[in-house]
Amino acid sequence: MRESRAGIRATRFKVSGTDQPNWIDSPKMAKQNRQTVSYLTRRFKEVGLNPNARHGQNFLIDLNLIELLAKSAQLTPDDVVLEIGTGTGSLTSLLAAQAARVITVEIDGHLYQMACEELEPFENITMLRQDALKNKNRFDSRVLEAIDEGVKAVDGGVLKLVANLPYNVATPIISNLLRCEIVPATMTVTIQKELADRILAAPNSKDYGALSVWIQSLCDVELIRVMSPGVFWPRPKVESAILHLEHRPDKRASIPDTEFFHQFVRSMFFHRRKFLRSVAISAFKNELTKPEVDQVLAEMELGPDARTEQLAVSQMQQLCELFRAAVKAKS
């Protein structure tokens, strides 16, 4: 174990060829995957710990669903897995037995220590004790450095996110990963069903918004399973879902400036109840005049009563490019 100058603990278990344990056959692995209520309550009592609601700690206790989450990620020996929210290491052990490397991040010091004990047999895990995010719009640089190092260390390494995401950071984790230099090929996560509904939403629905457009513009999205509150401990008040996102480079290539598009989408949905014209005038008030905004909207044949939530993902992309061209022409 080493400690960085920033005071963030990182435990690194070096890869050792083919000596990784088999989680199905090994008694130690069977123990590590026994994330049941009785096991968790006993372990938490031993260390005098209670789940921290502030960190969104809800532990998935249905072992079949933990395995479904790991299986849905379709891991290969060339994959480098990012896990946000190590917890007690139950999912981590499944991932480490199937992938080349696992980079797992845990903000809670007590859970970090518990996971270190459970995951000791593995030699291909990098554990970071810290917040994965620097702020709501950006990942912490140390996490990005660990990802870069992990991917470079594996010949043909492919990054994938697999995690039972803490509810309070699920949205910025998923959204911001699509803006990173190394984008995960897939993201397989448990999240609130409400968030899954927003990601999957279609135009003219109450859940359709900036997140829907942003993710659907870059990924194919599949709902794997809806989960009741009873499969978690402590029991949340809402349903959850396992969601699988596949990043599509061809979709990304069709967007000339993803950062402009990201900001454009957020701006267009900032005032959902206003007409599109008013929202666009406000968003581009320092760059375009009202007549210039009207000209862009006219090119799309969008009348004065058009609203952002009515536009399909492809229309949002087209509208973005027209505005980007108009802004660029004046610069």
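The values are calculated or read from the model by the stated rules, or taken from the named source; none is laboratory data. Just so it is clear, the model here is predicted, and its values are computed rather than measured. When we count neighbours, we look across all protein chains shown, and the Cβ atoms used for this are built from the backbone with ideal geometry, even at glycine.
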Can you tell which of 274, 251, 237, 285 is assigned to a helix (DSSP H, G or I), more than 18 Å from residue 72 (Cβ to Cβ) and free of Cβ contacts under 8 Å to residues at least 40 places away in the same chain? 251
Can you tell me which condition residue 284 does not meet? The list is (1) closer than 27 Å to residue 137 by Cβ; (2) modelled with pLDDT under 95; (3) in contact with a Phe, Trp or Tyr (Cβ under 7 Å, 6 or more places away or on another chain); (4) of a type outside the set (Gly, Ala, Ser), and all the others hold. (2)
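Of the residues 280, 326, 312, which single one is surrounded by 19 or more Cβ atoms within 10 Å (Cβ to Cβ), touching a residue at least 12 places away in the same chain (Cβ under 8 Å) and over 30 Å from residue 90 (Cα atoms)? Step through it out loud before you land on a result.
On the way: 326 fails: surrounded by 19 or more Cβ atoms within 10 Å (Cβ to Cβ); 312 fails: surrounded by 19 or more Cβ atoms within 10 Å (Cβ to Cβ).
Answer to the check: 280.
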Among the residues of the stretch 246-265, is there at least one that is closer than 30 Å to residue 57 by Cβ and assigned by TED's automatic domain parsing to the domain that holds residue 60? yes
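Tell me which residues, restricted to the stretch 223-266, are within 30 Å of residue 288 (Cα to Cα) and either basic (Lys, Arg) or crowded, with 18+ Cβ neighbours inside 10 Å (or both).
Our first condition is that a residue be within 30 Å of residue 288 (Cα to Cα); within the stretch 223-266, this holds for 251-266.
Hits for the stretch 223-266 are 251, 252, 261, 262, 264, 265, 266.
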Go through the stretch 191-206 and report how many residues are over 14 Å from the mean Cα position of the chain (by Cα), crowded, with 18+ Cβ neighbours inside 10 Å and not in a helix (DSSP H, G or I). 1
Quick one: is residue 288 closer than 23 Å to residue 199 by Cα and either among the acidic types (Asp, Glu) or crowded, with 18+ Cβ neighbours inside 10 Å (or both)? no
Within the bounds of the stretch 207-219, is there any residue that is within 18 Å of residue 261 (Cα to Cα) and either in contact with a Pro (Cβ under 6 Å, 6 or more places away or on another chain) or assigned to a strand (DSSP E or B) (or both)? yes
Residue 153: at pLDDT 95 or above and assigned by TED's automatic domain parsing to the domain that holds residue 58, yes or no? yes
Helices (runs of 4 or more DSSP H) wholly inside the stretch 64-178 that include at least 3 residues being in contact (Cβ under 8 Å) with a residue 24 or more places away in the chain and closer than 22 Å to residue 37 by Cβ: 90-96, 109-118
